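Every number here is computed from the coordinates shown, using simple stated rules; none is lab data. Owing to the predicted nature of the structure, the values given are computational and were not obtained by experimental measurement. Using ideal geometry, Cβ is built from the backbone for each residue, glycine included, and neighbour counts are taken over all protein chains shown.
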Amino acid sequence: MKEIKRIAIFVAVILPLVFICSCTGYDYDIYAAITGKVLDADTMQPIENVNVYLSPSGNNYMTLSDGCFEFAELDAAQYTITVQKSGYSSNRKSVNAIAGETTDVTITMEKQQ
């Protein structure tokens, strides 16, 4: 009879605790992020309203007054960032995005003559 009570206590109390604890394991970062800034090549000042395209994802972003952009929750892969703005020559840069990390890039643009 005592053995049955021990088993009942184990099943009713201990076993659910084991399942709950096993569900709170570590979450591994599987996504990557790319952040960056677009600067004028001559003045090194941020450029706003730059169209930033990320390939092959197809995502795009327009920089704010600080020239910054961000692409989050990306698959780990190699990407090409293309920047375009009227009055400037477009530029592109290849970037390797690594799972669980944020890759920071700076891209310069030259004014068209």
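Observations, loosely collected:
- Calculated FRET value between residue 86 and residue 31, using beta carbons and R₀ = 41 Å, to 0.05: 0.80
- Computed lengthening from residue 41 to residue 111, 0.36 nm per intervening residue step minus Cα-Cα distance: 24.4 nm
- Extension gain for residue 102-residue 78 works out to 7.3 nm (0.36 nm per residue, less the C-alpha to C-alpha distance).
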